[in-house]
Number of protein chains: 2
Amino acid sequence: MAVYTHITDDDLAAFLTQYEVGELTSFSGIAEGVENTNFLVRTTTGTYILTLYEKRVEVADLPFFLNLMTHLSASGLSCPTPVLGRDGIALKELNGRPAAMVTFLEGVWPRRIQPDHCRSLGGAMASLHQAGTTFEMRRVNALSVASWRPLLTSCGLPARKIYHNLYNELNIELSWLERQWPTDLPAGIIHADMFPDNVFFLREEVSGIIDFYFACTDILVYDLAICLNAWCFESDGSFNVTKSKLMTAAYQQIRPLSEQELAALPVLARGSAMRFLLTRLYDWLNQPEDALVKPKDPREYLKKLHFHQQVTRLGAYGLE
Amino acid sequence: MAVYTHITDDDLAAFLTQYEVGELTSFSGIAEGVENTNFLVRTTTGTYILTLYEKRVEVADLPFFLNLMTHLSASGLSCPTPVLGRDGIALKELNGRPAAMVTFLEGVWPRRIQPDHCRSLGGAMASLHQAGTTFEMRRVNALSVASWRPLLTSCGLPARKIYHNLYNELNIELSWLERQWPTDLPAGIIHADMFPDNVFFLREEVSGIIDFYFACTDILVYDLAICLNAWCFESDGSFNVTKSKLMTAAYQQIRPLSEQELAALPVLARGSAMRFLLTRLYDWLNQPEDALVKPKDPREYLKKLHFHQQVTRLGAYGLE
């Protein structure tokens with residue numbers, strides 16, 4: 001939870017005159033969101049989320065993210081819709097920060113994942129991938145396989161703080177991933193960070209997907225591999241094959257996977273575990289003294305990596 | 001800003017079945033509120049604030065606070081109205097914490113105080129005092145003059161960290177206050193913490209008063225003295241007599257002050273400065289290592305105390 005940048009009522013009221021959203025009636029900082037500062041803003045016309053983009057977001061990427069959300073919601077996907085200013089532009093500035101306002105989505109993100117959440121998510125993810133095919137902008141995945149070695153190197157030997165052989169183990173795994181990583185699978189827009197706190201539900205149905213600030217152009221089924229890691233493990237570390245079976249089946253009802261995509265799933269799942277393990281490891285080793293956000297434990301993803309390493313057939317994911 | 005206690009969607013949905021408020025559609029932790037954890041909760045019937053009471057609130061006092069808010073809103077004052085459960089009771093429990101839900105109020109608290117804010121606040125405060133006359137519960141002000149000496153003693157000589165003679169200076173002031181403190185002025189319900197972040201405005205008019213968790217039975221005009229300190233000083237430390245003149249005049253339009261009340265205002269203003277100086281000093285000297293909330297600078301109230309010490313006539317407050 002974090003509000004990095006504070007705003008005043010006067011500044012916000014003046015900011016809102018750039019839009020046709022009526023007058024400010026209330027606002028509060030939201031204690032969620034790790035990267036940016038978010039405010040819930042109510043006006044005489046509706047409820048909005050105002051995001052001030054903090055240092056970790058590349059300003060040059062913001063038009064990609066905002067245009068993507070506009071495109072996806074125009075395609076019928078339930079995601080935040082950027083509000084355009086009177087000048088037709090969504091990206092503004094507030095208190096020296098890039099800022100944008102999006103529509104508020106109803107729904108709650110699930111703290112305890114039920115199998116039906118995974119089923120509904122599978123379908124929503126496939127719809128997102130299909131809606132993305134007509135989006136024309138592109139963005140390289142800055143956290144794909146090519147970035148992992150520099151990330152591991154910058155963690156370096158202090159990785160031993162987690163456990164003594166971690167650096168060597170990841171070094172070996174990474175060499176294997178670099179050799180095995182597929183290069184000929186269907187690519188397109190992926191969300192790339194579809195964790196439970198980025199997916200809203202009403203009852204067990206997806207009511208909205210938020211936080212597109214890692215979205216990029218990459219292997220579509222890699223998004224599914226990320227979700228196997230983010231949604232299908234229980235808190236005791238065990239993999240719940242019922243959840244993955246429901247997720248992948250619902251996905252394939254909308255976008256069937258080719259044999260090549262299915263065959264690549266285990267390596268993509270290992271790669272996805274490596275990606276989150278490395279960024280968490282980096283954040284763990286480099287936490288600032290005055291951090292508002294406690295870094296997540298990298299060991300969770302080490303365990304997930306170990307699970308995928310011992311997978312020998314797709315039945316382990318409920319896919320045979 | 002602080003969310004001390006986390007809740008899950010499942011727990012919250014189950015909690016809400018105790019009320020007739022429909023089904024949960026969204027919730028977010030609010031990054032405001034120093035003492036308690038607050039969530040903005042939306043259901044199919046409306047928007048509410050859910051408060052989980054943390055350690056600093058006396059559970060035995062909660063019926064007083066909740067009944068007071070119910071009484072004041074029934075009297076036409078715009079303040080949060082506690083939502084009663086199906087059993088007619090407002091005070092519940094969630095995640096092992098006492099919890100209550102109140103109606104959401106539109107409005108924003110002003111970061112830059114304008115004279116008109118002070119004018120509107122004066123009237124709202126007088127209305128609150130009048131509405132309080134028909135409320136039958138009582139609560140001693142645990143932070144009135146009698147509590148200041150133990151508070152100063154518990155700060156002790158480390159008060160030197162602020163400046164070398166602070167302890168002695170406050171000791172002398174406190175002896176004076178103890179002798180001068182009035183005992184025969186009209187008493188009743190006061191808010192006792194009516195700082196700008198507890199008063200919502202739409203344009204320049206008060207739209208609601210929140211956070212009654214310091215409310216108590218005490219000298220009515222002491223509330224006004226608190227507000228002179230909280231609203232009428234500029235950020236450079238100077239006292240803005242235009243603001244105090246507007247505030248006290250608007251107050252008196254609804255509840256005229258007697259000569260005795262007016263005469264006591266300077267000592268009450270010194271006392272109010274002492275009260276916030278001492279609690280801030282205590283929090284400053286006793287901040288926990290892992291504090292989520294940065295303590296406020298006690299020196300701000302030392303400067304305010306010095307201002308009131310040199311007041312010789314009521315004209316200094318715009319009251320002649």
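Is it true that B:MET69 is more than 14 Å from chain A (Cβ to nearest Cβ), modelled with pLDDT of 95 or more and touching a strand residue (DSSP E or B) at 6+ places or on another chain (Cβ under 6 Å)? Spelling it out, B:MET69 is indeed more than 14 Å from chain A (Cβ to nearest Cβ), modelled with pLDDT of 95 or more and touching a strand residue (DSSP E or B) at 6+ places or on another chain (Cβ under 6 Å).
When region B:267-283 is filtered for residues that are surrounded by fewer than 20 Cβ atoms within 10 Å (Cβ to Cβ) and not β-branched (Val, Ile, Thr), the ones remaining, listed by number, are B:ARG280, B:TYR282, B:ASP283. Go through (1) more than 22 Å from A:ARG112 (Cβ to Cβ); (2) touching a Lys or Arg at 6+ places or on another chain (Cβ under 9 Å); (3) of a type outside the set (Phe, Trp, Tyr) for A:MET247 and report which single condition fails. A:MET247 satisfies all of (1) more than 22 Å from A:ARG112 (Cβ to Cβ); (2) touching a Lys or Arg at 6+ places or on another chain (Cβ under 9 Å); (3) of a type outside the set (Phe, Trp, Tyr) except (1). Listed by first and then second residue, the pairs with beta-carbon distance under 9 Å, at least 6 apart or on different chains, first residue in region B:53-68 and touching a residue at least 24 places away in the same chain (Cβ under 8 Å), second of a type in the set (A, V, I, L, M) and assigned to a helix (DSSP H, G or I), are B:TYR53/B:VAL59; B:TYR53/B:LEU62. Any residue in region B:302-319 that is under 30 Å from B:ARG138 (Cα atoms) and under 17 Å from the mean Cα position of the chain (by Cα)? No, because not a single residue in region B:302-319 is under 30 Å from B:ARG138 (Cα atoms) and under 17 Å from the mean Cα position of the chain (by Cα). Scanning region B:11-39 for residues that are out of contact with any Gly (no Cβ under 8 Å at 6 or more places or on another chain) and under 19 Å from A:ILE30 (Cα atoms) returns B:LEU12, B:LEU24, B:PHE27, B:SER28, B:GLY29, B:GLY33, B:VAL34, B:GLU35, B:ASN36.
For region B:142-162, which positions are free of Cβ contacts under 8 Å to residues at least 12 places away in the same chain and of a type outside the set (Gly, Ala, Ser)?
Here is the first cut: in region B:142-162, the ones free of Cβ contacts under 8 Å to residues at least 12 places away in the same chain are B:146-147, B:150, B:153, B:156-157, B:160.
Residues satisfying the conditions are B:PRO150, B:THR153, B:LEU157, B:ARG160.
Of the residues making up region B:187-201, just one is farther than 30 Å from B:SER258 by Cβ and out of contact with any Ser or Thr (no Cβ under 6 Å at 6 or more places or on another chain), namely B:ASP197.
Of everything in region B:108-146, what is within 14 Å of chain A (Cβ to nearest Cβ) and part of a helix (DSSP H, G or I)? Give them in sequence order. Once the filter is applied, which keeps residues that are within 14 Å of chain A (Cβ to nearest Cβ) and part of a helix (DSSP H, G or I), region B:108-146 yields B:ASP116, B:HIS117. Here A:GLU136 fulfils each of the conditions (1) closer than 19 Å to A:GLY76 by Cβ; (2) touching a strand residue (DSSP E or B) at 6+ places or on another chain (Cβ under 7 Å); (3) surrounded by fewer than 12 Cβ atoms within 10 Å (Cβ to Cβ) apart from (2).
Going residue by residue through region B:194-207, is there one that turns out to be touching a Lys or Arg at 6+ places or on another chain (Cβ under 7 Å), within 25 Å of B:THR134 (Cα to Cα) and not basic (Lys, Arg)? No: zero hits. Applying a threshold of 7 Å to beta carbon distances and a minimum spacing of six or more residues, or different chains, the list of pairs starting in region B:34-50 at a residue that is farther than 17 Å from B:ASP9 by Cβ and ending at one that is of a type in the set (Gly, Ala, Ser) reads B:VAL34/B:ALA2; B:THR45/B:GLY22. Tell me, yes or no, whether region B:12-20 has at least one residue that is farther than 27 Å from B:ARG138 by Cα, more than 13 Å from every other protein chain (Cβ to nearest Cβ) and loosely packed, with under 14 Cβ neighbours inside 10 Å. Yes, that holds for at least one residue. Can you confirm whether region B:211-218 contains a residue that is buried (at least 20 other Cβ atoms within 10 Å of the Cβ), on the phi > 0 side of the Ramachandran plot and at pLDDT below 95? There is at least one residue in region B:211-218 that is buried (at least 20 other Cβ atoms within 10 Å of the Cβ), on the phi > 0 side of the Ramachandran plot and at pLDDT below 95.
Is region A:260-267 home to any residue that is assigned by TED's automatic domain parsing to the domain that holds A:SER120, without any contact (Cβ under 8 Å) to a residue 12 or more places away in the chain, out of contact with any strand residue (DSSP E or B) (no Cβ under 6 Å at 6 or more places or on another chain) and among the polar types (S, T, N, Q)? No, every residue in region A:260-267 fails to be assigned by TED's automatic domain parsing to the domain that holds A:SER120, without any contact (Cβ under 8 Å) to a residue 12 or more places away in the chain, out of contact with any strand residue (DSSP E or B) (no Cβ under 6 Å at 6 or more places or on another chain) and among the polar types (S, T, N, Q). Against the conditions (1) more than 12 Å from chain B (Cβ to nearest Cβ); (2) within 19 Å of B:SER28 (Cβ to Cβ), A:LEU91 satisfies every one except (2). Every test in (1) within 14 Å of chain B (Cβ to nearest Cβ); (2) at pLDDT 95 or above; (3) surrounded by fewer than 17 Cβ atoms within 10 Å (Cβ to Cβ) is passed by A:ARG149 save one, and that test is (1).
For region A:21-41, the tally of residues that are at the interface with chain B (Cβ under 7 Å from one of its Cβ atoms) and either at pLDDT 90 or above or crowded, with 18+ Cβ neighbours inside 10 Å (or both) stands at 9.
Of all residues in region B:46-60, one or more are among the polar types (S, T, N, Q) and within 14 Å of chain A (Cβ to nearest Cβ). Within region A:190-205, take every residue that is of a type outside the set (Asp, Glu) and within 14 Å of chain B (Cβ to nearest Cβ) and give me the one that is farthest from the chain's Cα centre (by Cα). Looking at the filtered set, the residue picked out is A:ARG203. In region B:154-186, the residue that is nearest to B:GLN260 (Cα to Cα) out of those that are modelled with pLDDT under 90 and in a helix (DSSP H, G or I) is B:ALA159.
The values are calculated or read from the model by the stated rules, or taken from the named source; none is laboratory data. All figures in this text were calculated on a predicted structure; none of them were measured in a lab. Positions of Cβ are generated from backbone atoms using ideal geometry, with glycine treated the same way; all protein chains shown enter the neighbour counts.
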